[in-house]
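**Student:** First, the structure itself, so that you have it in front of you.
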Amino acid sequence: MRFTLATTNKSKIKEFEAIFKQSNLKYRVELLKTKEIQSTDLKEIARESVIYAYNILREPVLVEDAGLFIRSLNGFPGPYSSYVYRTIGVDGILKLMSNITNRSAIFHSVIAFYSPYTGVKLFSGEAGGEISYEPRGTSGFGFDPIFIPEEGDGRTFAEMEVHEKNKISHRGKAARKFIEWITGLKTLPPPYAFVE
Ligand code: IMP
């Protein structure tokens with residue numbers, strides 16, 4: 001089934017493209033800014049956001065919502081990650097944590113897919129790790145320079161190539177669950193199967 005990846009985040013597009021191209025998925029990218037409702041639940045945000053995108057595009061659509069949850073800050077910035085990134089940024093987070101030794105944090109990603117045939121489908125992924133004491137690396141986006149994934153080798157996400165980050169990242173994990181589901185759909189009878 002063809003679908004549209006709706007996002008304005010160029011780095012997310014790069015990460016999704018690196019994964020999708022391995023699976024021969026048919027999709028296009030739409031630089032669409034989706035509406036994000038105020039909620040503490042990423043799943044709710046992603047669900048509303050995909051319905052909003054579908055109502056504009058009127059074609060099967062995928063959106064993703066992610067956030068960084070820092071344990072010692074009780075999960076902050078969590079669903080407010082993009083606002084916090086735009087306002088206090090990486091340096092602001094490091095200042096907030098300057099006297100904190102528990103650096104444990106987790107990235108959550110929720111992919112929401114909608115088509116009239118399937119309804120809303122959600123796929124989530126998580127990456128645990130630690131907040132570094134200083135920013136390192138120049139690739140990626142957002143909080144990548146201060147996030148050291150526990151499944152990695154001590155480098156921050158921003159010190160990794162896209163394919164290395166995808167292997168262990170929250171988004172990579174959610175994307176692989178989505179791919180498994182959507183590629184499996186073809187084997188099901190109508191109305192769940194899609195005829196090109
Ligand atoms: P969004 O609402 O899903 O676009 O993401 C919220 C914010 O979380 C982004 O603006 C980034 O600051 C941060 N974020 C989400 N995913 C990542 C990631 O993979 N690396 C670094 N920061 C991320």
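The values are calculated or read from the model by the stated rules, or taken from the named source; none is laboratory data. Owing to the predicted nature of the structure, the values given are computational and were not obtained by experimental measurement. Positions of Cβ are generated from backbone atoms using ideal geometry, with glycine treated the same way; all protein chains shown enter the neighbour counts.
**Student:** Spot the failing condition for Thr187; the list is (1) modelled with pLDDT of 95 or more; (2) more than 13 Å from the ligand (Cβ to nearest atom); (3) more than 20 Å from Lys21 (Cα to Cα); (4) surrounded by fewer than 18 Cβ atoms within 10 Å (Cβ to Cβ), and only one is missed.
**Tutor:** (1)
**Student:** Return yes when Ser81 is among the small types (Gly, Ala, Ser) and closer than 30 Å to Leu25 by Cα and no when it is not.
**Tutor:** Yes: the conditions hold for Ser81.
**Student:** For segment 109-124, give me the residue count where each residue is more than 9 Å from the ligand (Cβ to nearest atom), part of a strand (DSSP E or B) and either over 13 Å from Val50 (Cα atoms) or touching a residue at least 40 places away in the same chain (Cβ under 8 Å) (or both). Before you say what the answer is, go through the steps one by one.
**Tutor:** Step one: of segment 109-124, the residues more than 9 Å from the ligand (Cβ to nearest atom) are 111-124.
The next check asks that each one be part of a strand (DSSP E or B); those that pass are 111-115, 119-124.
After this cut, where a residue has to be either over 13 Å from Val50 (Cα atoms) or touching a residue at least 40 places away in the same chain (Cβ under 8 Å) (or both) as well, the list is 111-115, 120-124.
Number of matching residues: 10.
**Student:** Restricting attention to segment 70-92, report how many residues are near the ligand (Cβ under 10 Å from one of its atoms), in contact with a strand residue (DSSP E or B) (Cβ under 9 Å, 6 or more places away or on another chain) and of a type in the set (A, V, I, L, M, F, W, C). Let's see the steps before the verdict.
**Tutor:** To start, the set of residues in segment 70-92 that are near the ligand (Cβ under 10 Å from one of its atoms) comprises 77-86, 89-90.
Narrowing further to those that are in contact with a strand residue (DSSP E or B) (Cβ under 9 Å, 6 or more places away or on another chain): 77-85.
Restricting the remaining residues to those that are of a type in the set (A, V, I, L, M, F, W, C) gives 84.
Selection size over segment 70-92: 1.
**Student:** Looking at (1) hydroxyl-bearing (Ser, Thr, Tyr); (2) under 20 Å from Ala174 (Cβ atoms); (3) modelled with pLDDT of 95 or more; (4) more than 12 Å from the ligand (Cβ to nearest atom), find the lone condition where Thr101 falls short.
**Tutor:** Every condition holds for Thr101 apart from (2).
**Student:** Would you confirm whether any residue within segment 161-171 is away from the ligand (no atom under 11 Å from the Cβ) and in contact with a Leu (Cβ under 9 Å, 6 or more places away or on another chain)?
**Tutor:** No; the residues of segment 161-171 include none that is away from the ligand (no atom under 11 Å from the Cβ) and in contact with a Leu (Cβ under 9 Å, 6 or more places away or on another chain).
**Student:** What residue, of Ile93, Ile45, is aliphatic (A, V, I, L, M) and touching a Ser or Thr at 6+ places or on another chain (Cβ under 8 Å)?
**Tutor:** Unique residue meeting the criteria: Ile45.
**Student:** When you look at Gly137, is it over 15 Å from Ala105 (Cβ atoms), touching a residue at least 40 places away in the same chain (Cβ under 8 Å) and among the small types (Gly, Ala, Ser), yes or no?
**Tutor:** Criteria not met by Gly137.
**Student:** Suppose we filter Ser82, Ser72, Ser23, Ser49 for residues that are assigned to a helix (DSSP H, G or I), modelled with pLDDT under 95 and of a type in the set (Ser, Thr, Tyr); which single one remains?
**Tutor:** Ser82
**Student:** Another question, if that's okay. Do we have Leu32 as on the phi < 0 side of the Ramachandran plot and more than 12 Å from the ligand (Cβ to nearest atom) here?
**Tutor:** Working: on the phi < 0 side of the Ramachandran plot: yes; more than 12 Å from the ligand (Cβ to nearest atom): yes.
Here the answer is yes, as Leu32 does meet what is asked.
**Student:** Among the residues of segment 125-142, write down those that are surrounded by 18 or more Cβ atoms within 10 Å (Cβ to Cβ), part of a strand (DSSP E or B) and within 13 Å of the ligand (Cβ to nearest atom).
**Tutor:** Those that are surrounded by 18 or more Cβ atoms within 10 Å (Cβ to Cβ), part of a strand (DSSP E or B) and within 13 Å of the ligand (Cβ to nearest atom): Gly125, Ala127, Gly129, Ile131.
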